[in-house]
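The values are calculated or read from the model by the stated rules, or taken from the named source; none is laboratory data. Only a predicted model underlies this, so the values are computations on that prediction, with no experimental measurement involved. Ideal geometry is used to build each Cβ from the backbone, glycine not excepted, and the neighbour counts take in all protein chains shown. The protein model used for the area step is the full one, side chains on, heavy atoms only, and it has no ligands, DNA or RNA in it. Shrake-Rupley method; radii C 1.70, N 1.55, O 1.52, S 1.80 Å.
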Amino acid sequence: MKRIVVALLMAAMVISLAACGGNAGQNGNSSSDALDREQSPASSEELESVQPETDDTPEPVEDAATAEMESTDTAGSQEVSDTEDGKVLVAYFSATGTTKGVAEIIAGNMGADIYEIVPQEPYTDADLDWHDDSSRSTIEMNDRSCRPEINGAVEGMEQYDIVFIGYPIWWGEAPRIVSTFMESYSFDGKTLIPFCTSSSSGLGSSGKNLEKLTDGAQWMEGIRFGGGASEADVKAWIEGLDL
Ligand SMILES: Cc1cc2nc3c(=O)[nH]c(=O)nc-3n(C[C@H](O)[C@H](O)[C@H](O)COP(=O)(O)O)c2cc1C
């Protein structure tokens, strides 16, 4: 009888312990549910902010954010600057600012250094008068050997692998001061890319004639922009170069 009573008491204890364990388990689950509820809305808000509405697939926020950063990079200018070929310089001459504008767009989009070819003696309006046979620009352009002096120099030209060369078209050619620039440095092993602005003329033979002044450089086909060239036009050209 005593054994039966002891057995019954033990059975009662086991049942009661099992019930506590169950409660403990439920409490554990409840608190975990509470955590989930606290975290889930925040997480899904974050997800919504970085994911397209149509994408039902929950992703780790980090991955989605990274994806967004990558797509921004692709659309943005910095992506263009990641050239595989190395450091880029945009060198240009501009008498009245048009070529300067294009050069700045190229440099901005390529993350490139920029260098303005500044004449030792600045060009006045009278100098630029192409209607005047005796104006400085007319005289210079009539003399293939003319080499107007440049004020200043590119520091560390050897560090650049790609050099854009920009200039206005004068009488169908690059101004002679650009010839001075080409003959002032070694471009051996570099990639050179000419670009110009003009009222209506194309690049013509200007790029090819500059090419004759350099040794060992790889010249790419250049381009001419009009005065109204937009940033999108310039960007499209740069992207097409596939540097
Ligand atoms: C002396 C001189 C000669 C020019 N010759 C031409 C030419 O042959 N063809 C042309 O389309 N534009 C010609 N232009 C216009 C310039 O190429 C054009 O205005 C250019 O965009 C100016 O660039 P910049 O503002 O960077 O100096 C000439 C301009 C000057 C001052």
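Does L203 qualify as being within 34 Å of the chain's Cα centre (by Cα), assigned to a loop (DSSP other than H, G, I, E, B) and of a type in the set (A, V, I, L, M, F, W, C)?
Values: within 34 Å of the chain's Cα centre (by Cα): yes; assigned to a loop (DSSP other than H, G, I, E, B): yes; of a type in the set (A, V, I, L, M, F, W, C): yes.
Criteria met by L203.
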So if I check each of V88, V80, which one is surrounded by 12 or more Cβ atoms within 10 Å (Cβ to Cβ) and modelled with pLDDT under 95?
V80
Which one of D129, D215, D188 is within 13 Å of the ligand (Cβ to nearest atom), assigned to a loop (DSSP other than H, G, I, E, B) and either at pLDDT 95 or above or buried (at least 19 other Cβ atoms within 10 Å of the Cβ) (or both)?
D129
Cβ pairs under 9 Å, 6+ apart or interchain, first in segment 219-241 and in contact (Cβ under 8 Å) with a residue 40 or more places away in the chain and at negative phi, second among the aliphatic types (A, V, I, L, M) and surrounded by fewer than 18 Cβ atoms within 10 Å (Cβ to Cβ), ordered by first then second residue, are L241/M220
Could we say that F181 is under 19 Å from Y115 (Cα atoms) and part of a loop (DSSP other than H, G, I, E, B) here?
no
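Quick one: would you say I177 is modelled with pLDDT of 95 or more, within 16 Å of the ligand (Cβ to nearest atom), more than 23 Å from the chain's Cα centre (by Cα) and under 23 Å from N209 (Cα atoms)? Outline the logic, then answer.
Details: modelled with pLDDT of 95 or more: yes; within 16 Å of the ligand (Cβ to nearest atom): yes; more than 23 Å from the chain's Cα centre (by Cα): yes; under 23 Å from N209 (Cα atoms): yes.
Yes: the conditions hold for I177.
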I'm trying to understand the selection: among the residues of segment 132-157, which are open to solvent by 80 Å² or more (accessible area, probe 1.4 Å), within 13 Å of the ligand (Cβ to nearest atom) and acidic (D, E)?
D133
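Go through segment 136-163 and give me each residue that's assigned to a loop (DSSP other than H, G, I, E, B), of a type in the set (A, V, I, L, M, F, W, C) and in contact with a helix residue (DSSP H, G or I) (Cβ under 9 Å, 6 or more places away or on another chain). Full working, then the answer.
First pass over segment 136-163, keeping only residues assigned to a loop (DSSP other than H, G, I, E, B): 142-149, 151-156, 160-161.
Within this subset, residues satisfying the condition of being of a type in the set (A, V, I, L, M, F, W, C) are 146, 153-154.
Answer for segment 136-163, where residues must be assigned to a loop (DSSP other than H, G, I, E, B), of a type in the set (A, V, I, L, M, F, W, C) and in contact with a helix residue (DSSP H, G or I) (Cβ under 9 Å, 6 or more places away or on another chain): C146, V154.
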Does any residue of segment 164-177 turn out to be more than 20 Å from E104 (Cα to Cα) and in a strand (DSSP E or B)?
yes
Of the residues in segment 218-236, how many are in contact with a strand residue (DSSP E or B) (Cβ under 9 Å, 6 or more places away or on another chain) and either at pLDDT 95 or above or within 22 Å of Y185 (Cβ to Cβ) (or both)?
11
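Restricting attention to segment 227-238, does a residue exist that is within 10 Å of the ligand (Cβ to nearest atom) and closer than 17 Å to W170 by Cα? Spell out how you get there, then give the answer.
Within segment 227-238, the first condition is being within 10 Å of the ligand (Cβ to nearest atom), and the residues that meet it are 227, 229.
Those still in the list that are closer than 17 Å to W170 by Cα too: 227.
Within segment 227-238, one or more residues are within 10 Å of the ligand (Cβ to nearest atom) and closer than 17 Å to W170 by Cα.
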So which residues in segment 91-109 are surrounded by 21 or more Cβ atoms within 10 Å (Cβ to Cβ), touching a helix residue (DSSP H, G or I) at 6+ places or on another chain (Cβ under 9 Å) and more than 21 Å from K190 (Cα to Cα), if there are any at all?
V102, I105
